[in-house]
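First comes the structure, then the notes that go with it.
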């Protein structure tokens with residue numbers, strides 16, 4: 001192993017590997033349309049490719065242009081996003097589309113610096129869009145790329161710490177294809193950027209990296225020192241706490257009582273069954289709403305994983321008699337929604353499973369907020 005890994009031919013190795021072994025058939029590839037590239041990049045943040053593909057195709061079928069997205073209702077956008085998790089992305093996506101249409105005449109900026117001025121677009125995402133759409137020579141640094149660089153250069157620092165991130169950005173820039181290479185290979189930035197993403201996703205994975213097939217292995221510090229399982233180093237997060245919530249599942253005929261979640265907190269702006277911290281608070285709410293108090297029936301609890309904690313959701317079922325007049329409930333507490341429209345609403349995954357097509361006894365888990 002050389003004393004110091006070289007970055008001079010790093011880019012060429014990645015480009016050559018991507019041409020023969022990288023991914024070429026994802027639905028957002030082979031496109032220079034900033035809308036499609038941007039949409040895919042936002043969806044791919046914190047989410048696996050296999051999950052994104054179906055969402056991406058459905059999104060484009062319903063909203064094929066940035067103008068369509070800007071003009072769509074929040075309800076439609078959240079419904080299309082429901083299940084992808086990290087719902088702030090959907091709100092930023094909608095805000096960004098409106099900004100592009102209203103302030104940029106419907107055209108995405110061409111440079112990464114300009115793209116970063118739009119809602120929800122950070123430096124790495126902006127660089128990826130500019131590289132794929134305009135061949136801009138800009139470095140990306142998503143989670144996959146951090147892992148590749150940390151192993152290749154043997155970076156010991158915590159990759160979630162600002163000092164190490166700054167070091168990784170410097171290395172990412174040093175590994176970019178040279179201007180002369182870009183002059184010889186006009187699509188070098190597209191191939192290089194995609195190649196880095198592919199390397200991290202398919203070979204340089206978190207567990208059991210396929211070093212024997214990696215084009216960088218002969219100069220990779222982690223590979224030669226047997227530290228691929230140690231690097232990249234990230235300080236172990238504290239064990240996620242468990243939180244218990246109680247759900248009111250109140251129905252009247254073909255209607256169900258739902259509540260719009262606030263902007264902040266879990267499942268922001270999605271529709272949800274009314275949630276309470278205890279069973280007694282849930283029953284108290286029912287008693288307040290009904291002229292004649294009725295008991296709720298406890299159902300099987302549902303486990304659901306979020307990023308920072310684990311949820312145990314316990315639904316309490318109450319089917320009001322068809323002859324009863326449904327109580328008038330203030331908007332802040334909930335609204336009566338027809339069952340036929342549930343599939344078109346933005347519902348959290350466990351709630352959609354419960355109401356639309358799931359077995360309430362099935363444990364539902366998802367890593368997204």
(Q) For the range 56-71, which positions are crowded, with 19+ Cβ neighbours inside 10 Å and not in a helix (DSSP H, G or I)? (A) 63
Q.
So if I check each of 241, 179, 232, which one is out of contact with any strand residue (DSSP E or B) (no Cβ under 7 Å at 6 or more places or on another chain) and under 30 Å from residue 259 (Cβ atoms)?
A. 241
Q | Residue in the range 86-105 that is surrounded by the most Cβ atoms within 10 Å (Cβ to Cβ), counting only those that are touching a helix residue (DSSP H, G or I) at 6+ places or on another chain (Cβ under 7 Å) and at pLDDT 95 or above | A | 97
**Q.** In the range 200-217, residue surrounded by the fewest Cβ atoms within 10 Å (Cβ to Cβ) [restricted to those that are assigned to a helix (DSSP H, G or I) and in contact (Cβ under 8 Å) with a residue 40 or more places away in the chain]
**A.** 213
Q.
Return the residues of the range 145-164 that are at pLDDT below 95 and not in a helix (DSSP H, G or I); say none if nothing qualifies.
A. 156, 157, 158, 159, 160, 161
Q: Return a yes/no flag: does the range 331-342 have any residue that is over 28 Å from the mean Cα position of the chain (by Cα), buried (at least 17 other Cβ atoms within 10 Å of the Cβ) and at pLDDT below 80.
A: no
Q. Among the numbered criteria (1) in contact (Cβ under 8 Å) with a residue 40 or more places away in the chain; (2) closer than 29 Å to residue 160 by Cα, which single criterion is violated by residue 250?
A. (2)
Q) Can you name the residue in the range 158-178 that is over 14 Å from residue 145 (Cβ atoms) and surrounded by fewer than 19 Cβ atoms within 10 Å (Cβ to Cβ) and is also farthest from the chain's Cα centre (by Cα) among such residues? A) 178
Q. Looking only at residues in the range 262-275 that are in contact (Cβ under 8 Å) with a residue 40 or more places away in the chain and under 27 Å from residue 295 (Cβ atoms), which one is farthest from the chain's Cα centre (by Cα)?
A. 274
Q. Which condition number does residue 304 fail, the rest of (1) modelled with pLDDT of 90 or more; (2) in contact with a helix residue (DSSP H, G or I) (Cβ under 8 Å, 6 or more places away or on another chain); (3) buried (at least 18 other Cβ atoms within 10 Å of the Cβ) being met?
A. (1)
Q: For residue 281, state whether it is at negative phi and buried (at least 21 other Cβ atoms within 10 Å of the Cβ).
A: no
Q | Check on residue 171, part of a loop (DSSP other than H, G, I, E, B) and in the same structural domain as residue 33 (by TED's automatic domain parsing) | A | no
Q.
Condition first: more than 28 Å from residue 75 (Cα to Cα), within 26 Å of the chain's Cα centre (by Cα) and not in a loop (DSSP other than H, G, I, E, B). Can you find one or more residues in the range 232-242 that meet it?
A. yes
Q | Criterion: at pLDDT 95 or above and not in a strand (DSSP E or B) - qualifying residue of 196, 181, 281 | A | 196
Q. Tell me, which residue of the range 257-266 that is in contact with a strand residue (DSSP E or B) (Cβ under 9 Å, 6 or more places away or on another chain) and in a loop (DSSP other than H, G, I, E, B) is surrounded by the fewest Cβ atoms within 10 Å (Cβ to Cβ)?
A. 261
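The values are calculated or read from the model by the stated rules, or taken from the named source; none is laboratory data. Small disclaimer: the values here were computed from a predicted structure and weren't measured. Note that each Cβ is placed from the backbone with ideal geometry, even for glycine, and that neighbours are counted across all protein chains shown.
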